[in-house]
1. With springs connecting C-alpha atoms under 10 Å apart, model the chain as a Gaussian network and identify which of Ala88, Ala65, Ala20 has the largest mean-square fluctuation.
2. Accessible surface of Glu77 in the full protein assembly, 1.4 angstrom probe, to the nearest 10 Å²?
3. What number do you get for the chain when its Cα radius of gyration is normalised by 2.2 N^0.38 Å, N = residues?
4. Using the basic label-point model (7 angstrom from Cα toward the beta carbon), what is the Arg102 to Arg7 distance in nanometres?
5. State in Å² the accessible area per residue of the chain; use a 1.4 Å probe, count heavy atoms of protein chains only, and round to the nearest integer.
6. Using θ = phi - 60° and the Karplus curve 6.51 cos²θ - 1.76 cosθ + 1.60, what whole-Hz ³J(HN,Hα) does each residue of region 80-88 get, with Gly and Pro shown as x?
7. Which ³J(HN,Hα) values in Hz, rounded to whole numbers, follow from the phi angles of region 61-77 under the Karplus curve 6.51 cos²θ - 1.76 cosθ + 1.60, where θ = phi - 60° and Gly and Pro get x?
8. Would you calculate, for the chain, the mean residue ellipticity at 222 nm contributed by helices, counting each DSSP H stretch of 4 or more residues as -39,500 (n - 2.57) and dividing by all residues, to the nearest 500?
Amino acid sequence: MAAERERFYECEVKRRRVRATGGYEPFWKVKAIDVALEDNDTEFRCMSCNGPVKLFKRRSEDGPATHIEHKLKSDSEYCSAGLYFLKATDGRLARLSASPVR
Ligand SMILES: [Zn+2]
C-alpha cells in the first residue's frame, strides 16, 4: 500500500487589487489549484495555516492529480488540515505556520 500523502486541491494565491487610496495592494484568495495554474498564479500558500506549500503537477493521465503539500513537516503537524495533525492523538491544538507566507 502506498504511503499516505497529504493532498490539497485548494490553496490561497496572492493577487493584487486596486487600493481605494490609489496604487495596488496584495491580498490572498482561495482557489482550486487547477484554476490557479490556468490563471498563471505563482505564489501559493496553505489556506489553513498560511504555511509554504509545494506544488505537484499531474505528469500523466493516470498519475495523481495536480495538488499541493506542506513544504514544512512542522506545518503538517500543527495545521488544522495537516496529515500529521489529523493523526495526532495527543489533543494538540492547530496553529498557524511558524514561517507563514505573506
Ligand atoms: Zn497548512
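1. Among Ala88, Ala65, Ala20, the largest mean-square fluctuation in the Gaussian network model of the chain belongs to Ala20.
2. The accessible area of Glu77 comes to roughly 50 Å².
3. On the way: Rg = 15.3 Å, N = 102, 2.2 N^0.38 = 12.8 Å.
Rounded to two decimals, the normalised Rg is 1.20.
4. Here the answer is 3.5 nm between the modelled labels.
5. On the way: 7040 Å² over 102 residues.
For the chain, the per-residue accessible area is 69 Å².
6. Karplus-based 3J(HN,Hα) across region 80-88 equals 5, 10, x, 4, 5, 4, 5, 8, 5 Hz.
7. Along region 61-77, the couplings run 3, 9, x, x, 5, 3, 7, 10, 9, 5, 6, 9, 5, 4, 5, 4, 7 Hz.
8. Numbers: 3 runs with 17 residues, N = 102.
Roughly -3500 deg cm²/dmol at 222 nm, from the helical runs in the chain.
The values are calculated or read from the model by the stated rules, or taken from the named source; none is laboratory data. The structure displayed is predicted, hence computed values, not measured ones. All Cβ positions, glycine included, derive from the backbone under ideal geometry; neighbour counts span all protein chains shown. Quick note on the areas: whole protein, heavy atoms, side chains included, nothing else; ligands and nucleic acids left out. Shrake-Rupley method; radii C 1.70, N 1.55, O 1.52, S 1.80 Å.
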